[in-house]
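Below: the structure, in structure tokens.
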Amino acid sequence: MTSTVVSSASKEVVIGFDRPFVMIGERINPTGRRLLAQEMRNNDFSRVQSDAVAQVEAGAHMLDVNAGIPLADEPALLAKAVKVVQEVTDVPLSIDSSVIEALEAAVAVYEGKPLINSVTGEEEVMERVLPLVAKYNAAVVAISNDETGISEDPDVRFAVARRIVERAADHGIKTADVVVDPLVMPIGAMNTAGQQVLRLVRRLREELKVNTTCGASNVSFGIPNRHVVTGTFLAMAIGAGMTSAIMNPLHPEAKNAVLASDVLTGNDRDCAAWIAAHRNPAAARTRTARRRRQNRRNSRQSSTA
């Protein structure tokens with residue numbers, strides 16, 4: 001079985017076919033979050049830290065960190081974001097940028113083995129990102145599009161993924177360290193989006209034997225009651241063989257779909273994770289609220305020090 005190992009300075013997470021599904025928290029991303037973008041631009045990372053803590057408390061095994069703000073110094077912002085997140089949590093990080101210089105700046109300050117998000121099948125991108133992945137012994141998200149864009153044909157996307165895996169091997173990167181993103185499109189805009197991804201995930205698992213991930217919330221973009229659709233999609237994707245996703249663990253519809261899927265696939269031994277999450281949810285919410293209040297107090301104290 002293929003196992004992708006990533007780590008922080010003190011914690012290891014394994015993405016694998018016979019492992020519990022890995023939830024990668026999506027919230028540290030200024031895209032569509034104007035207040036967060038403004039704060040980060042002003043060197044205020046208190047919300048970044050509180051979002052990190054909240055997602056880990058909600059069950060995230062990893063966190064995706066993105067600092068893509070137009071006209072900002074993205075390399076400096078992403079490196080700072082990685083540093084401040086590492087101060088408040090010990091989970092491994094997915095370092096997320098389309099700017100090569102930002103990836104390099106952030107990976108250079110990261111403690112552990114990160115997941116670099118991402119590389120595409122474009123020749124120029126592969127030749128710039130893959131040497132960085134090899135240099136830092138990282139794992140990498142391979143997005144299945146290339147110079148021609150995003151194909152609606154799952155077979156074309158599969159061919160792009162295979163090309164990235166083969167090129168990664170040329171750079172000494174193991175197949176296990178390539179996590180393929182089959183690209184989830186909004187179901188409201190493309191009626192076959194769900195079918196395409198499920199078909200592709202099965203092929204990626206059976207033929208390339210790679211782990212997979214995706215931006216899960218993309219599937220429900222623009223439609224009502226979207227979190228139910230996202231949760232249902234995650235359950236179906238896990239059934240097809242998907243092993244991780246960038247998602248919001250604060251949405252119970254998505255989180256519970258993942259936990260229930262782990263139970264039903266046999267990857268939650270004795271239903272331990274499910275029972276722990278649901279035995280006393282009221283008490284868990286009280287503990288979470290208490291920790292958040294303490295984190296806010298600590299943040300205010302550090303800002304005035």
*Which condition number in (1) more than 29 Å from Ala276 (Cβ to Cβ); (2) in contact with a Leu (Cβ under 7 Å, 6 or more places away or on another chain) is the one that Glu101 fails?*
(2)
*With (1) surrounded by fewer than 16 Cβ atoms within 10 Å (Cβ to Cβ); (2) under 22 Å from Ser98 (Cβ atoms) as the list, and Gln195 as the residue in question, which single condition is left unmet?*
(2)
*From the list Thr232, Thr265, Thr212, which one is touching a residue at least 12 places away in the same chain (Cβ under 8 Å), more than 28 Å from Asn29 (Cα to Cα), touching a helix residue (DSSP H, G or I) at 6+ places or on another chain (Cβ under 8 Å) and of a type in the set (Val, Ile, Thr)?*
Thr265
*Within the stretch 133-142, count every residue that is open to solvent by 10 Å² or more (accessible area, probe 1.4 Å) and outside any loop (DSSP other than H, G, I, E, B).*
2
*Looking at (1) open to solvent by 70 Å² or more (accessible area, probe 1.4 Å); (2) at pLDDT 95 or above, which is the only condition Ala276 fails?*
(2)
_Total residues in the stretch 187-216, condition closer than 13 Å to Ser244 by Cα and either part of a loop (DSSP other than H, G, I, E, B) or out of contact with any Phe, Trp or Tyr (no Cβ under 9 Å at 6 or more places or on another chain) (or both)_ = 6
*Restricted to the stretch 168-185, and to residues that are open to solvent by 40 Å² or more (accessible area, probe 1.4 Å) and without any contact (Cβ under 8 Å) to a residue 60 or more places away in the chain, which residue is farthest from the chain's Cα centre (by Cα)?*
Asp170
_Looking at the stretch 217-269 only, could you name the residues that are of a type in the set (S, T, N, Q) and under 14 Å from Phe17 (Cα atoms)?_
Thr243, Ser244, Ser261, Thr265, Asn267
*asked:* Scan the stretch 198-211 and tell me whether some residue there is loosely packed, with under 13 Cβ neighbours inside 10 Å, at pLDDT 95 or above and farther than 26 Å from Leu93 by Cβ.
replied: yes
_Among (1) within 26 Å of Asn256 (Cβ to Cβ); (2) in contact with a strand residue (DSSP E or B) (Cβ under 8 Å, 6 or more places away or on another chain), there is one condition Pro30 misses while meeting the rest; what is its number?_
(1)
*Return a yes/no flag: does the stretch 232-249 have any residue that is in contact with a Pro (Cβ under 7 Å, 6 or more places away or on another chain), within 29 Å of Ala138 (Cα to Cα) and open to solvent by 30 Å² or more (accessible area, probe 1.4 Å).*
no
_In the stretch 143-164, the residues that are part of a helix (DSSP H, G or I), free of Cβ contacts under 8 Å to residues at least 40 places away in the same chain and touching a Leu at 6+ places or on another chain (Cβ under 9 Å)_ = Asp155
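The values are calculated or read from the model by the stated rules, or taken from the named source; none is laboratory data. This one's a predicted model, so the numbers in the text were calculated from it and none came from an experiment. No Cβ is skipped: glycine too gets one built from the backbone with ideal geometry, and neighbour counts run over all protein chains shown. Heads up: the accessible areas ignore ligands, DNA and RNA and are worked out on the full protein's heavy atoms, side chains in. Shrake-Rupley method; radii C 1.70, N 1.55, O 1.52, S 1.80 Å.
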